[in-house]
Every structure is written in C-alpha cells, then in structure tokens.
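Once you've had a glance at the structure underneath, I'll fire off some questions.
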Amino acid sequence: MDWMVINNAIIKYELILRMACFGFVLMGLAYWESRATWRQGVLNQRVRWANHMALGGFSTFLVRMSFPVLALTMAVVAEVQHLGLLNTTTFLPFWLKVVLSLIGMDFAMYMEHRWMHRYKILWRVHQVHHSDTELDVSTGLRFHPIEYFFMMGIKLVAILFLGPPVFAVFIFEVMLISFLLFAHSNIQLSPIVEYYLRFIFVTPNMHRIHHSDIPFEHNKNFGFCFSIWDRMLNSYIAQPHQGDHHLVFGLEIYRLPAFQTLLKLLALPFIKYKAVKNRFAHIK
Ligand SMILES: [Zn+2]
C-alpha cells in the first residue's frame, strides 16, 4: 500500500472526511437514542441541541482559525523532522505503530480530562460541560472554546512526543469524536453487551457516573475511548452510589435554566462562583 498517496488524500480531504464521519455518527446515535432511550428528557430538546451545536461549531471554527498547525499537519512535521518515539523506531510494523498511537493519544486525552477536574482554573472552564442537567449525544459537543483550545494543545504535544503516523492521527480524531458522542448518548445498552464492552471501551453507563452532581462521582471515570486508564490509575467506579436510574446530572449551582443559554455557557468560566452562590442561595 502506498501510504504517501493515502496520507496526501487524508490531508487534502481531511475536513470533508471528518465532517462526513461526524455527521454519520451523530445522526446514527441520535436515531439509536430515539429507539432505545435510557431516560426521557424534560427540557426543550431543540434549544439544548441548538445551544450545543452552536457551541461545538463555534469552538471548532475558532480552533481551526487560530492554530498555526492542527493535529494532522503536526504529524506530518514530526514525520519529516523525525520527531517523536515512533518516528525514530524503524523495527515496528506499521499496524502496531497505528495501534500504539491510538492508545498513546487516548492516554493524553485521559490526562487532559483529569487536569480539567484537578486544577481550579481548568475546572471553571470544564464546568460548562458538566452543567448540563440532561445527557444525550449533543452533550458530547458542549465544551467551552477554551477547552477545545486546551485539548488541541495537549494533542499537539502528544503528537510531537509520540510521532504517530498521519493515518493514525486521522483515525484517532474520528475515534475521539465518535466516542465523545457515544459516551454521552442517552442509549439503553443491553446489560450483557455493556458488561463486556466496558472491559476495554468507555460505555454510556460508565460515563454517566462521571456526570453525577456528587463530586466523588464526577471525579471518576475520566476515560474518553478506552476504559483501561481509569482501571489502571485508580479513577474507576463501576456503579453510582444512588443506583443507575437515580443519577442526578449537572452542577448544583448552575442548575437553573438561566445558566443553560448559549451566552451564559460562554460566560460561565468568568462568572464568580461566590456571586452565583449568594445570588441563588434562596432558591433551593
Ligand atoms: Zn469531566
């Protein structure tokens, strides 16, 4: 197989290929949610979806416009300059380099997610994602532009360090968005399928616990694609304390509908926590 030709095609048609994969996965999961709903939503779903699509679209646009190099270009630079672990090893077969790249980049995203929870300044930004009081496939797009920037920064550093093949970076980008959408989806999976699937992959049941309003629970299950990191690094929780069907999503102080508008979501990292707490202290 001529990888130069494939790489050039990937770089040339990256945007259209990614948009097509994204559209296909989003529509497929939305349809699946409608056929096998885990929990019926009570909010206006059109408004939620419009907000999340606008936030995701706006953030992606900003990242693409602002970064001088994106993930694929960085992989090309690393390959040409022989940078990164995999670019300096010649004895590994190509398929193994691809597998190792997917695992390595997913680990970088796992760490990114842990840091978003660990450091106060990053948590302020990540709260935009966690303040959703319902969960469905559209929640997978609900991230503040600053978090999209941070994610891209971590990805670029990981690519420079790992030196993954261009093909692997493209597969990872598609895999990452697919799992982001899948993990947040409001799908009722068969218990048997879910049981085996979560040995390796992050499932919606596993990720729902991460959206619990209880801090102990939302500081667990950070994985994006593979569930192994949570198991290995002591952040895995199998079941929520209050049982699967009594899970309460969101963050207590941002529960009010006033915080669910697009402008408030964009402003949320800059709103003083104490001011919000005092202002809404009487509503409980
Ligand atoms: Zn999180």
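The values are calculated or read from the model by the stated rules, or taken from the named source; none is laboratory data. Remember, predicted model here, so these are calculated numbers, not experimental data. Quick reminder, even Gly has a Cβ in these numbers, built from the backbone with ideal geometry, and neighbours come from all protein chains shown.
Where residues in the stretch 133-151 are assigned to a loop (DSSP other than H, G, I, E, B) and within 14 Å of the chain's Cα centre (by Cα), which of them is farthest from the ligand (Cβ to nearest atom)? Walk me through it before giving the result.
Within the stretch 133-151, the subset assigned to a loop (DSSP other than H, G, I, E, B) is 133-136, 142-144.
Narrowing the set further to residues that are within 14 Å of the chain's Cα centre (by Cα) leaves 135-136, 142-144.
Working: L135: 12, D136: 16, R142: 11, F143: 10, H144: 12 Å.
Per the stated criteria, the residue is D136.
Right, here's the next one. Quick one: in the stretch 244-261, of everything that is at pLDDT 85 or above and loosely packed, with under 15 Cβ neighbours inside 10 Å, which residue is nearest to H184 (Cα to Cα)?
Once the filter is applied, the top-ranked residue is V248.
Regarding M27, is this residue in a helix (DSSP H, G or I) and more than 22 Å from P164 (Cβ to Cβ)?
Working: in a helix (DSSP H, G or I): yes; more than 22 Å from P164 (Cβ to Cβ): yes.
Taking the combined requirement at face value, the residue satisfies it.
Regarding the stretch 184-203, can at least one residue be identified that is under 14 Å from the mean Cα position of the chain (by Cα), within 14 Å of the ligand (Cβ to nearest atom) and outside any helix (DSSP H, G or I)?
At the first step, the residues of the stretch 184-203 found to be under 14 Å from the mean Cα position of the chain (by Cα) are 184-185, 201-203.
With within 14 Å of the ligand (Cβ to nearest atom) added as a condition, the list becomes 184, 202.
Cutting the leftovers down to outside any helix (DSSP H, G or I) gives us 202.
Looking for residues that are under 14 Å from the mean Cα position of the chain (by Cα), within 14 Å of the ligand (Cβ to nearest atom) and outside any helix (DSSP H, G or I), one finds at least one in the stretch 184-203, hence yes.
Quick check on the stretch 55-78. Is at least one of its residues more than 22 Å from A158 (Cα to Cα), out of contact with any His (no Cβ under 7 Å at 6 or more places or on another chain) and among the small types (G, A, S)?
yes
Could you tell me whether E173 is within 13 Å of the ligand (Cβ to nearest atom) and part of a helix (DSSP H, G or I)? Walk me through how you get there before you give the answer.
Details: within 13 Å of the ligand (Cβ to nearest atom): no; part of a helix (DSSP H, G or I): yes.
No, not satisfied.
Results for (1) in contact (Cβ under 8 Å) with a residue 12 or more places away in the chain; (2) hydroxyl-bearing (S, T, Y), shown as yes or no for each residue.
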{"position": "F149", "(1), (2)": "yes, no"}
{"position": "V169", "(1), (2)": "yes, no"}
{"position": "S178", "(1), (2)": "yes, yes"}
{"position": "V193", "(1), (2)": "no, no"}
{"position": "R198", "(1), (2)": "yes, no"}
{"position": "F201", "(1), (2)": "yes, no"}
{"position": "H207", "(1), (2)": "yes, no"}
{"position": "I214", "(1), (2)": "yes, no"}
{"position": "N219", "(1), (2)": "yes, no"}
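Would you confirm whether any residue within the stretch 10-17 is surrounded by fewer than 17 Cβ atoms within 10 Å (Cβ to Cβ) and either touching a residue at least 24 places away in the same chain (Cβ under 8 Å) or on the phi > 0 side of the Ramachandran plot (or both)? Give the derivation first.
The initial filter retains those residues of the stretch 10-17 that are surrounded by fewer than 17 Cβ atoms within 10 Å (Cβ to Cβ), namely 11-13, 15-17.
Right, trim to either touching a residue at least 24 places away in the same chain (Cβ under 8 Å) or on the phi > 0 side of the Ramachandran plot (or both) and you get 11, 17.
Scanning the stretch 10-17, I find at least one residue that is surrounded by fewer than 17 Cβ atoms within 10 Å (Cβ to Cβ) and either touching a residue at least 24 places away in the same chain (Cβ under 8 Å) or on the phi > 0 side of the Ramachandran plot (or both), so the answer is yes.
Given the options I121, I103, name the one that is exposed (fewer than 12 other Cβ atoms within 10 Å of the Cβ) and modelled with pLDDT of 90 or more. Spell out how you get there, then give the answer.
Details: I103 fails: exposed (fewer than 12 other Cβ atoms within 10 Å of the Cβ).
Just one listed residue meets the conditions, I121.
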